[in-house]
Amino acid sequence: MNPFLFWFFAFLMLVFGAAVIINRNPIASALSLVICFMGLSALFMSLDAFFIGIIQVLVYAGAVMVLFLFIIMLLDLRAENLRKINYVAVAGGAAVAVVFFIQICFVVGQLNAAKQPFPALTSAKTDDVHNIGLLLFTNYNLPFQIIGVLVLVATIGVVVLSKRELK
Amino acid sequence: MLTLGHYLVVSGMLFTIGFAGVLLRRNIIIIFMSLELMLNAANLSLVAFSRFHLTSAGMPNYNAQVFVFFIITVAAAEVAVGLAIIVALYRARQTTNVEDITTLKF
């Protein structure tokens, strides 16, 4: 794990993550989200989780974001015109988020394990696709099949929701 | 030297950005994107713990990575259903602003 690469990708991810919620134009937000997920997948790979990094790019940057962009363009959303901003609500929301972050830092600061560096991998190679596949089809076989049913239910649900008239 | 705490704080910052997005933005599609940010922040801390807690064979703990795999699958299904609901909502109300959708508001 190169510290410079860690800081670079963490910074990239956080800047574009912030751009998602700052941008007024939904398309700019969606494209920022793609770059944010790219940085996140680089962080996954810095943690030797290559399979997770790859499916992060495939599923999020590839499939989910195309779906988002498709819906934004289908609904023909423009940059929203500024409405009257409720400053009390905005200040309250920002305060809750900041307090939440301070609490996370506090908890991480109290955790002893958080101060230790990552131990070096002792095995010669990390064939993580092999190991995840093995776990998925032995220990987690039932959850894996339940996930399959869940995706089927989601597909049927989307078809029902997209019908012109609900009966 | 990078410690587990670095990854946990970065993951906490990403979660906070998503949380702030849900609280502050009024466009329902941006709120939905912020939900994705929060899910991915949780994934980052899970993968960091998986790398931190090695098994006896000296490999990362792959149980956490299988969990992340499940989270990504459920998130993809959730996005599909959620966007279908948003499209249905837009067809009924012609708006994506949450301040205009207050039928269930007490």
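Per-structure values
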{"item": "Reference-scaled alpha-carbon Rg (2.2 N^0.38 Å with N residues) for segment A:3-126", "result": "1.35"}
{"item": "Equivalent-ellipsoid semi-axes of chain B, from the Cα gyration tensor, Å, largest first", "result": "36, 16, 8"}
{"item": "Equivalent ellipsoid, the protein assembly as shown (semi-axes from 5 times Cα gyration tensor eigenvalues, Å)", "result": "34, 24, 15"}
{"item": "Segment A:50-158: trypsin sites (Lys or Arg not before Pro) in DSSP coil with no more than 13 other Cβ atoms inside 10 Å", "result": "A:Arg78, A:Arg83, A:Lys84, A:Lys125"}
{"item": "Averaged over B:23-32, number of beta-carbon atoms from partner chains that fall within 10 Å", "result": "6"}
{"item": "Kirkwood-based shape ratio for segment A:127-167, expressed as Rg/Rh from alpha carbons", "result": "1.30"}
{"item": "Extended-chain gain in nm, criterion 0.36 nm per residue less alpha-carbon gap, B:Asn63 and B:Ala92", "result": "6.1 nm"}
{"item": "Column: log10 I(q)/I(0), Debye, Cα scatterers of segment A:90-167, q = 0.15, 0.18 Å⁻¹", "result": "-0.93, -0.88"}
{"item": "Segment B:56-93 residues near the modelled A:Ala113 label - backbone nitrogen below 19 Å, point 7 Å along Cα→Cβ", "result": "B:56-69"}
{"item": "Distance in nm between pseudo-label sites at A:Trp7 and A:Leu152 (7 Å out along the Cβ direction from Cα)", "result": "5.2 nm"}
{"item": "Extreme residue, positive dipole direction of segment A:3-126, given options A:Val96, A:Leu58, A:Phe8 (C-beta unit charges)", "result": "A:Val96"}
{"item": "10 Å Cβ neighbours from other chains, averaged over peptide B:98-104", "result": "0"}
{"item": "Contact order normalised by residue count of chain A, Cα under 8 Å, 6+ apart, percent", "result": "16 percent"}
{"item": "Mean residue ellipticity (222 nm) of chain B, computed from DSSP H runs ≥ 4 via -39,500 (n - 2.57), nearest 500", "result": "-26000 deg cm²/dmol"}
{"item": "Sequence ranges A:34-47, B:26-39, ranked by mean other-Cβ count within 10 angstrom, highest first", "result": "A:34-47, B:26-39"}
{"item": "Length-normalised contact order for segment B:5-78 - Cα pairs under 8 Å, 6+ apart - percent", "result": "27 percent"}
{"item": "Label-to-label distance, nm, for residues given as A:Val96 and A:Leu69 (7 Å Cα→Cβ offset)", "result": "3.3 nm"}
{"item": "Charged-residue dipole, Cβ positions (Lys, Arg, Asp, Glu), the protein assembly as shown about Cα centre, Debye nearest 20", "result": "680 debye"}
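Each reported figure results from applying straightforward, stated rules to the coordinates on display, with no laboratory input. Since we're looking at a predicted model, the values are computed, not measured. Because the Cβ atoms are built from the backbone with ideal geometry, glycine has one as well, and the counts that use them run over all protein chains shown.
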